[in-house]
Ligand code: FAD
Ligand code: UDP
């Protein structure tokens, strides 16, 4: 029997940021790509849907931020970024607090106005927990920020987000929330931050220019497509590729409820977190504020964290010891799989921010194409 004709250099499974950046890098080096996606649109989780002339982040709020000069310069070849600065608010029983925890938050909580007063207050709050070795998230948080911040701003949000008691969660999750003794509500410390002025969809469309694209095609149901290319770049779920042979990797999922409101400005901020346990959603996003939209109506999205099952979208990998061990087994299989490159958030089973995905796709492309 004759070998099948390889029409493309690469079959790219998934048109999210990883697949799109890899495809752009391949085409730039004269390679041909077929990009497939099981969804009806390109872009993966950064896809935006236009409603009432507003770009709605369909799979959750996406704010680009990075310290990586090369990644920043690379993306600026395709789109320009605005000066959006993420400064979420937290709402707790009708009280509003600035995030991340900074002098504004401390003033709102305790009426303190100087860094010394704030540091004294936090030291007093943390004193009961001094010297203990934290064994879970609750103990870690109490030791870092004390009772008031933990009860009002962390406990309810975290337990909703992860669907488990804070006493059953690993402490490392909370190490991501720094204390800042300046009046600065910028959530990120990175040098660069913003939203593409032309939109995330334009970014993906430009990256995929000169690729063939097929939508609504699930690779796992059409594995024969691998025959059309020399190499497969797979960005879907790692365990699914191997038919779950060692068992399922766990995720957290989200449900989004989007509403159009007949008002120009609903909450005066893009992101408001709801930190009380009895409010079922974790946050409300008002999409127009990402870009200073002046439309007469507004679109908001409520975000409800959910248990994941295979009928739902897999959003957050659960990087606990058990799942990491399972992922390691799958990664070993992936490394041994001939002519397949695994990449991106789902295939690596890692919670990557967008800049890390772009960095990883650029590096993978370099590594592959410069020897291809
Ligand atoms: P994805 O975007 O998931 O793309 C994978 C694509 O592969 C999808 O389109 C999928 O349909 C397709 N696919 C999967 N399996 C198959 C198959 N079998 N056959 C065909 N196609 C398949 N990052 C930030 O930097 N800032 C943020 O503010 C931010 N907010 C986030 C908020 C939420 C709620 C979530 C979930 C993520 C957020 N991220 C954020 C992370 C960001 O979404 C990711 O880094 C990035 O989108 C991952 O790109 P990817 O290509 O790896 O994966
Ligand atoms: N968190 C919290 N209160 C908030 C926001 C975040 O307690 O108002 C905690 C929560 O445990 C969350 C973690 O901080 O899982 C990280 O939050 P971040 O928004 O930085 O992460 P992401 O949602 O992007 O993973």
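Where a number appears in this text, it was derived from the coordinates with a stated rule and is not lab data. The shown structure was predicted, so the numbers you read here are calculated from the model rather than taken from an experiment. A quick note on method: Cβ atoms are made from the backbone with ideal geometry, for glycine too, and the neighbour counts reach across all protein chains shown.
Structure data summary
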item: Global form of the range 1-92, assessed from the alpha-carbon gyration tensor, a/c cut-off 1.5; result: prolate
item: Alpha-carbon gyration tensor eigenvalues x 5, square-rooted, for the chain, Å; result: 39, 25, 19
item: Peptides ranked, highest mean first, by Cβ atoms within 10 Å: ranges 10-19, 340-349, 68-77; result: 10-19, 340-349, 68-77
item: Spin-label pair residue 230/residue 363, simplified geometry with 7 Å Cα→Cβ offset, distance in nm; result: 2.4 nm
item: Sites residue 335 and residue 28 - FRET efficiency at Förster radius 41 Å, r taken between beta-carbons, to 0.05; result: 0.95
item: Hydrodynamic radius of the range 212-262 per Kirkwood, over alpha carbon pairs, in Å; result: 14.4 Å
item: Net length gained if the chain between residue 165 and residue 197 were fully extended (0.36 nm per residue, minus Cα distance); result: 7.5 nm
item: Förster-model FRET efficiency, 22 Å R0, residue 263 and residue 50, C-beta, rounded to 0.05; result: 0.70
item: The chain - mean residue ellipticity at 222 nm from DSSP helices (-39,500 (n - 2.57) per run, n ≥ 4, rounded to 500); result: -8000 deg cm²/dmol
item: Highest to lowest packing among 254-266, 197-209, scored as the average C-beta count within 10 Å; result: 197-209, 254-266
item: Packing-based order for 355-361, 163-169, using average beta carbon neighbours within 10 Å, highest first; result: 355-361, 163-169
item: Shape of the range 71-146, Cα gyration tensor, a/c cut at 1.5; result: prolate
item: Rel. contact order, % - alpha carbon contacts under 8 angstrom, at least six apart, the chain; result: 27 percent
item: Mean shadow area of the range 150-261 over all directions, Cα convex hull, nm²; result: 13.6 nm²
item: Cα-based shape type of the range 315-372, given that a ≥ b ≥ c are square roots of the gyration tensor eigenvalues and the cut on a/c is 1.5; result: oblate
